[in-house]
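Structure record follows, encoded as structure tokens.
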Amino acid sequence: MTVPTLPRSTGSVQFGSDYARLLAEVRRAGLLERSGWRYLTRVLTLAASIGAGVLALSWVGDSWWTLGVAAYAGAVMAQLGFLGHDAGHQQMFHGKRWNDRVGVAVSALGVGLSYRWWVDKHSRHHRNPNEIGRDPDVDRNVLAWTPEQAQGQRGLFRLIARHQDALFFPLLLLEGWNLHAGSVRTLLHRQPRTTELLLLCAHTAGGVALLLTFLSPLKALIFLLVQQSTFGLYLGATFAPNHKGMPILDAGSEHPDFLRRQVLTSRNITGGRLTALGLGSLNFQIEHHLFPSMPSANLRRCRPLVRRFCAEHAVAYTETGLFDSYRRVLRYLGNIRPDGPGTPMVTGSLSRRGL
């Protein structure tokens with residue numbers, strides 16, 4: 001199966017550029033070295049977590065307490081999604097083939113999402129972060145990210161646009177279903193698709209059979225609703241702080257160089273190892289965008305290098321706490337109204353010096 005390639009840290013860069021100098025420093029530190037063995041502990045932990053969930057489901061049985069197991073299963077599924085994310089960025093192995101094999105298995109069989117669809121979508125985001133018309137993550141959908149998008153909303157979507165700051169987290173409960181729908185649409189209309197379709201069917205059939213083994217049909221349905229809602233909320237709450245509320249670039253406007261574009265449109269989340277574990281190390285979003293193929297375990301070590309380099313070159317390096325990041329996202333969404341005076345916090349072109 002042919003899978004699009006996500007941007008990598010080792011591609012060609014302009015000789016003598018700021019990014020080239022930073023990249024050379026990161027390479028000297030050995031932070032781009034990959035090894036599948038380093039992911040073994042994480043894979044085994046996830047396998048044990050899945051086993052613990054199945055045991056908990058069998059122990060609780062046909063009881064409403066099983067909804068707690070459903071929420072747990074949604075969180076484990078999100079962690080599997082983080083592993084698939086790393087495979088998609090070629091972070092696990094030196095060769096593309098094994099990264100893609102793991103990514104397909106984890107995404108389609110473990111999570112129920114099309115790896116091929118996600119890689120294509122995510123690659124466009126990485127190449128054009130926060131750029132209208134090129135980054136699918138800021139396309140107009142249920143939510144509007146610019147006043148122009150809000151003004152173009154109609155019907156129910158226009159009503160949502162008037163209150164999207166209040167509705168943001170409730171809407172994230174639907175994000176899991178949205179991701180599954182996008183996967184199915186892709187697999188049904190694009191070639192090649194056989195392997196992922198078979199794995200997706202195995203994921204669905206296996207999950208349904210497991211639930212009906214221990215639960216009544218009604219409780220199994222509600223279990224699935226809670227699991228997928230938790231999955232969507234977890235993923236959305238992880239990805240939203242990374243770019244939402246940061247500068248949005250107008251299509252066709254002059255943009256800064258690669259380093260400044262990636263840094264100025266991204267936000268890091270402060271916290272210790274538990275924060276990194278909970279967010280799949282995506283709290284180091286600036287470093288991840290600068291070096292997408294860097295193993296996630298190395299992002300923490302890379303942060304001081306990037307932060308110092310940005311300070312030396314007068315590039316704004318945004319870092320804040322998790323709850324403060326949510327506050328900023330909600331304030332940004334609250335400033336966008338389809339028929340009001342609100343304007344987004346930051347839009348337009350970025351200067352080449354990032355000031």
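Only the coordinates and a few stated rules stand behind these numbers; no lab work does. What you are looking at is a predicted structure, and each value in this text was computed from that prediction instead of being measured. Cβ coordinates were reconstructed from backbone atoms using ideal geometry, including for glycine residues, and neighbour counts include every protein chain displayed.
Would you mind ranking Leu44, Leu264, Leu57, Leu277 by Cβ crowding within 10 Å, fewest neighbours first? Please report the intermediate quantities before stating the final value.
Numbers: Leu44 10, Leu264 26, Leu57 20, Leu277 15.
Ascending number of Cβ neighbours within 10 Å: Leu44, Leu277, Leu57, Leu264.
Would you work out the relative contact order for the range 18-334, in percent, from Cα pairs under 8 angstrom that are 6 or more residues apart?
Computed over the range 18-334, the figure is 23 percent.
Quick one: order Ser229, Ser49 by neighbouring beta-carbon count within 10 Å, fewest to most.
Starting with the residue having the fewest Cβ neighbours, the order is Ser49, Ser229.
If you add up the charges near Asp324, with Lys and Arg at +1 and Asp and Glu at -1, over every other residue whose beta carbon is less than 14 angstrom from its beta carbon, what do you get?
On the way: positive: Lys244, Arg267, Arg327, Arg328, Arg331; negative: Glu319.
Combined, the nearby Lys, Arg, Asp and Glu give +4.
Using Cα-Cα distances under 8 Å and only pairs 6 or more residues apart, what relative contact order does the range 182-285 have, in percent?
19
Around Val102, what is the net charge, scoring Lys/Arg as +1 and Asp/Glu as -1 over all other residues with Cβ under 15 Å from its Cβ?
On the way: positive: Arg34, Arg38, Arg42, Lys96, Arg97, Arg101, Arg116; negative: Asp86, Asp100, Glu196.
With Lys, Arg at +1 and Asp, Glu at -1, the neighbours total +4.
Measure nothing but the geometry: give the 0 to 90° angle between the long axis through the Cα atoms of 66-88 and the longest principal axis through the Cα atoms of the chain, rounded to 10°.
Around 40 degrees separate the two axes.
Which ordering of Thr66, Thr204, Thr320, Thr186 is given by a fewest-first count of other beta-carbon atoms within 10 Å?
Ordered from fewest to most neighbouring Cβ atoms within 10 Å, Thr66, Thr204, Thr320, Thr186 come out as Thr204, Thr320, Thr186, Thr66.
Name the residues whose placed amide hydrogens come within less than 5 Å of the amide hydrogen of Arg337, ignoring near sequence neighbours (fewer than 5 apart) on the same chain.
Gly342
Answer with one residue from Ile336, Leu264, Ala71: the one whose Cα lies farthest towards the positive end of the charge dipole of the chain, charges on Cβ with Lys, Arg +1 and Asp, Glu -1.
Highest projection toward the positive end goes to Leu264.
Which one, Leu143, Gln227, Ala311, is farthest towards the positive end of the dipole of the chain when Lys and Arg carry +1 and Asp and Glu -1 on their Cβ?
Ala311
What net charge is computed for the residues neighbouring Pro129, neighbours being all others with C-beta under 12 Å from the C-beta of Pro129, Lys and Arg scored +1, Asp and Glu -1?
Residues close to Pro129 contribute a combined charge of +4.
Setting aside same-chain residues fewer than 8 positions from Lys96, which aspartates and glutamates have a Cα under 18 Å from its Cα?
Candidates past the 8-residue exclusion: Glu33, Asp86, Asp120, Glu196.
Pick from Asn141, Asn130, Asn335: which residue has the top mean-square fluctuation in a GNM of the chain where Cα pairs under 10 Å get a spring?
Residue with maximal mean-square fluctuation among Asn141, Asn130, Asn335: Asn141.
Taking one equal scatterer on every alpha-carbon of the range 224-309, how large is log10 of I(q)/I(0) by Debye at q = 0.22, 0.25 1/Å?
-1.09, -1.26
Stretch Thr270-Arg140 to full length: gain in nm at 0.36 nm per residue minus the Cα-Cα span?
Values: separation 130, 0.36 × 130 = 46.80 nm, distance 2.92 nm.
That pair, Thr270 and Arg140, stretches by 43.9 nm at full extension.
Return the single residue from His189, His125, His243 with maximal mean-square fluctuation; model: Gaussian network over the chain, springs between Cα atoms under 10 Å.
Greatest mean-square fluctuation among the candidates belongs to His189.
Out of Val329, Val106, Val60, any idea which swings most in a Gaussian network model of the chain, alpha carbons joined below 10 Å?
Val60
Just need the relative contact order of the range 67-209 here, percent rounded to a whole number, with Cα pairs under 8 Å and 6+ apart.
Contact order relative to length: 22 percent.
Straight-line reach from Lys244: which lysines fall under 23 Å, measuring Cα to Cα and dropping same-chain residues less than 8 apart?
By straight Cα distance, Lys244 reaches Lys121.
What is the dipole size for the range 18-334, taken about its Cα centre, with +1 at each Lys and Arg Cβ and -1 at each Asp and Glu Cβ, in debye to the nearest 20?
Working: 35 positive and 22 negative charges, 72 e Å.
Dipole magnitude for the range 18-334 comes out near 340 debye.
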